[in-house]
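**Q** Have a look at this one.
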Amino acid sequence: MADARNKVGFPMAADSPFEDGYDIAGERDALKDLIEAPEPDERDLRWPRFMELLEREERLKRDQSNRQQRQYADPIVPDHEARALKQIGSLVTDETDVMEIHTKEAYRLFIGRTREDSPRGYGITSGKKVAAVLRSIWNLSANDNPYADWILVQVTDRVAELRQQIEKSGALFQGELDRMHARGLRVSVLKSRAPVDVELGFRSPYGYMIVDLILDYDWYARVVKTMVQKNRLGDQEGKDDLYQMTKRIRALFESTLPYQKYLLREELRQLSRSDFLPGANEEARKRVEAAVGIFGEVPQPIFTGEVRPRHSRRRVDVSEAEMRLLMEVAQGKADGDGSDLKQEQSLL
């Protein structure tokens, strides 16, 4: 509202974007009928105010465009320095990242094995393929895709859980090594005479999450083999121990494949949270129906953004109004599902 008028006669407001205090918001409300009229009446006594409003609107657009071109830099910064921000290239590494692996078991998890070449008739999904799948899902998160967020959250949690299991089991064996040392027997953990150096070219943080898991398993396999060699575990005990841990990791790897198969299909690639909002078009409703049919309902905390992936390419600034709509949609789904527990289904 205009709470004052200057000597020129236009309304003024404390929160005006203009130095002279011109109340553009108040004038928009006051002249709404002229603004919305197909052919504004020039005989209207408010015509000079209408012309002033149009001029102010155009000035705001010019100012906004100029600030944008200047990358919103401080006014004291010259134009050529402000615009140089866009010229800065992306960060790169001077050297190739390398992972050192000591055990065949860990390397097999990393490179996988085709079904045709498996002695038992089933393949091994490679850690490298899982990293590629997660990179694709990570890229999908840029579309504000709630299912991409859900997948990344769950896979991250599963990997963290496996790493904790490896650390806990390995700590027990490390404790045994320490006790041996205390009794006068110095034993070091086995390592390969010729470890394999693997060059890494992952372009997402989730690739390195898989690398951490592989390296943890590699260390664990070395510790277990050390326990067998030093007579702290029997041969079969050591094999069973490694098999169980390998089985858990392979189950995780296998579970990631359906995500890429379905979410990257052309029909679902454009899925976003806006598809769930009232007023979405028919194509959006089809995408929602297909995704829910395949994966179930997205849990409310993830749908509303309360729970987010550790790493995401999402760059959407959700307004308060949009957030309220998302909350209402999520709450409606929760109330409508009742005891179906679809929201609590695990993608994995």
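The values are calculated or read from the model by the stated rules, or taken from the named source; none is laboratory data. Remember, predicted model here, so these are calculated numbers, not experimental data. Positions of Cβ are generated from backbone atoms using ideal geometry, with glycine treated the same way; all protein chains shown enter the neighbour counts. Please note that ligands, DNA and RNA were not included when accessible areas were found on the heavy atoms of the full protein model with its side chains. Shrake-Rupley method; radii C 1.70, N 1.55, O 1.52, S 1.80 Å.
**Q** Evaluate segment 141-153: report whether one residue or more is within 30 Å of SER274 (Cα to Cα) and among the aromatic types (Phe, Trp, Tyr).
**A** yes
**Q** What tally of residues in segment 258-279 results from selecting those that are surrounded by 13 or more Cβ atoms within 10 Å (Cβ to Cβ) and in a helix (DSSP H, G or I)?
**A** 9
**Q** Now for a separate question. Report, ordered by the first and then the second residue, all pairs with beta carbons closer than 6 Å, sequence separation of six or more or different chains, a first member in segment 235-264 that is in contact (Cβ under 8 Å) with a residue 24 or more places away in the chain, and a second member that is part of a helix (DSSP H, G or I) and open to solvent by 60 Å² or more (accessible area, probe 1.4 Å).
**A** Here the result reads LEU252/ARG158; TYR262/ILE294, each pair linking segment 235-264 to a residue that is part of a helix (DSSP H, G or I) and open to solvent by 60 Å² or more (accessible area, probe 1.4 Å).
**Q** Can you pull out the residues in segment 106-117 that are more than 12 Å from PRO195 (Cα to Cα) and open to solvent by less than 60 Å² (accessible area, probe 1.4 Å)? Full working, then the answer.
**A** First, pick out the residues of segment 106-117 that are more than 12 Å from PRO195 (Cα to Cα): 108-117.
Once the filter is applied, which keeps residues that are more than 12 Å from PRO195 (Cα to Cα) and open to solvent by less than 60 Å² (accessible area, probe 1.4 Å), segment 106-117 yields LEU109, PHE110, GLY112.
A quick yes/no check of all residues on (1) hydroxyl-bearing (Ser, Thr, Tyr); (2) open to solvent by less than 70 Å² (accessible area, probe 1.4 Å); (3) touching a strand residue (DSSP E or B) at 6+ places or on another chain (Cβ under 6 Å); (4) on the phi < 0 side of the Ramachandran plot:
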residue: ILE35; (1), (2), (3), (4): no, no, no, yes
residue: GLU39; (1), (2), (3), (4): no, no, no, yes
residue: PHE50; (1), (2), (3), (4): no, yes, no, yes
residue: TYR72; (1), (2), (3), (4): yes, no, no, no
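**Q** Output the number of residues of segment 160-174 satisfying the condition of being under 20 Å from ASP240 (Cβ atoms) and either open to solvent by less than 90 Å² (accessible area, probe 1.4 Å) or not aliphatic (A, V, I, L, M) (or both). Steps first, please.
**A** First pass over segment 160-174, keeping only residues under 20 Å from ASP240 (Cβ atoms): 162, 165-174.
Adding the requirement that they be either open to solvent by less than 90 Å² (accessible area, probe 1.4 Å) or not aliphatic (A, V, I, L, M) (or both) leaves 162, 165-171, 173-174.
Number of matching residues: 10.
Residue by residue, here is whether (1) surrounded by 13 or more Cβ atoms within 10 Å (Cβ to Cβ); (2) part of a helix (DSSP H, G or I); (3) at pLDDT 65 or above holds:
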residue: VAL298; (1), (2), (3): yes, no, yes
residue: VAL307; (1), (2), (3): yes, no, yes
residue: HIS311; (1), (2), (3): yes, no, yes
residue: LEU325; (1), (2), (3): yes, yes, no
residue: ASP335; (1), (2), (3): no, yes, no
residue: SER339; (1), (2), (3): no, yes, no
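**Q** Right, here's the next one. Consider ALA291 carefully, then state whether it is buried (at least 18 other Cβ atoms within 10 Å of the Cβ) and modelled with pLDDT of 90 or more. Full working, then the answer.
**A** Values: buried (at least 18 other Cβ atoms within 10 Å of the Cβ): yes; modelled with pLDDT of 90 or more: yes.
Yes, satisfied.
**Q** A further question follows. I'm trying to understand the selection: among the residues of segment 192-229, which are open to solvent by less than 20 Å² (accessible area, probe 1.4 Å), assigned to a helix (DSSP H, G or I) and hydrophobic (A, V, I, L, M, F, W, C)?
**A** ILE210, VAL211, LEU213, ILE214, ALA221, VAL223, VAL224, MET227, listed by residue number.
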